[in-house]
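Engineer: Here you go, one structure.
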Amino acid sequence: MFSFPTFATAVAVLTVLHRSADARNVSNVLIYSATAGFRHDSIPTAVQAMSDRAANYGINFVNTEDRTRFNDEYLSQFDALFFLHTTGDVLDRAGEAAFQRYLDNGGNFVAAHAAANGLPESVTFSRTL
């Protein structure tokens, strides 16, 4: 079931990115929805809803749950990273380091709902949230 808070977050993300797209030509957004703890049933629905509406906002969403994608080369393709309901330790140390470098280089980050439960031992992640 696609909950209202998840839908509202998705709309907010699309709105912010649409405004950014107008100003900065932002178009590529990585949706990271890996879980190592509780998994929300709404993840596939949220990914589909955002993907269905992406063209209306000039955004290309790419979804992955593959932690090995968190490396400098792959992340450099994206104007924003969107952590969608991530829970638990969803990145290893190398992935966390790549995430930090992405942010240090001006990358954008959005987190929705359960993402606050992601990477519970990461100082970088908790400070970023």
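Engineer: Being within 14 Å of the chain's Cα centre (by Cα) and either in contact (Cβ under 8 Å) with a residue 40 or more places away in the chain or over 22 Å from ILE43 (Cα atoms) (or both) is the filter here; which residues of segment 57-73 pass it?
Structural biologist: ILE59, the sole residue that qualifies.
Engineer: ARG53 passes all but one of (1) in a helix (DSSP H, G or I); (2) touching a Ser or Thr at 6+ places or on another chain (Cβ under 7 Å); (3) open to solvent by 10 Å² or more (accessible area, probe 1.4 Å); which number fails?
Structural biologist: (2)
Results for (1) loosely packed, with under 15 Cβ neighbours inside 10 Å; (2) not in a helix (DSSP H, G or I), shown as yes or no for each residue.
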{"site": "PHE78", "(1), (2)": "no, yes"}
{"site": "LEU81", "(1), (2)": "no, yes"}
{"site": "VAL90", "(1), (2)": "no, yes"}
{"site": "ALA98", "(1), (2)": "no, no"}
{"site": "ARG101", "(1), (2)": "yes, no"}
{"site": "GLY106", "(1), (2)": "yes, yes"}
{"site": "VAL110", "(1), (2)": "no, yes"}
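Engineer: Can I ask one more? Kindly provide the set of residues from segment 26-50 that are open to solvent by less than 50 Å² (accessible area, probe 1.4 Å), assigned to a loop (DSSP other than H, G, I, E, B) and not hydrophobic (A, V, I, L, M, F, W, C), ordered by number.
Structural biologist: SER27, SER33, GLY37, HIS40, SER42
The values are calculated or read from the model by the stated rules, or taken from the named source; none is laboratory data. Predicted model only: the values in this text are computed from it and were never measured. Note that we place each Cβ from the backbone using ideal geometry, even for glycine, and neighbour counts take in every protein chain shown. These area figures cover heavy atoms from the full protein model, side chains too; ligands, DNA and RNA do not enter into them. Shrake-Rupley method; radii C 1.70, N 1.55, O 1.52, S 1.80 Å.
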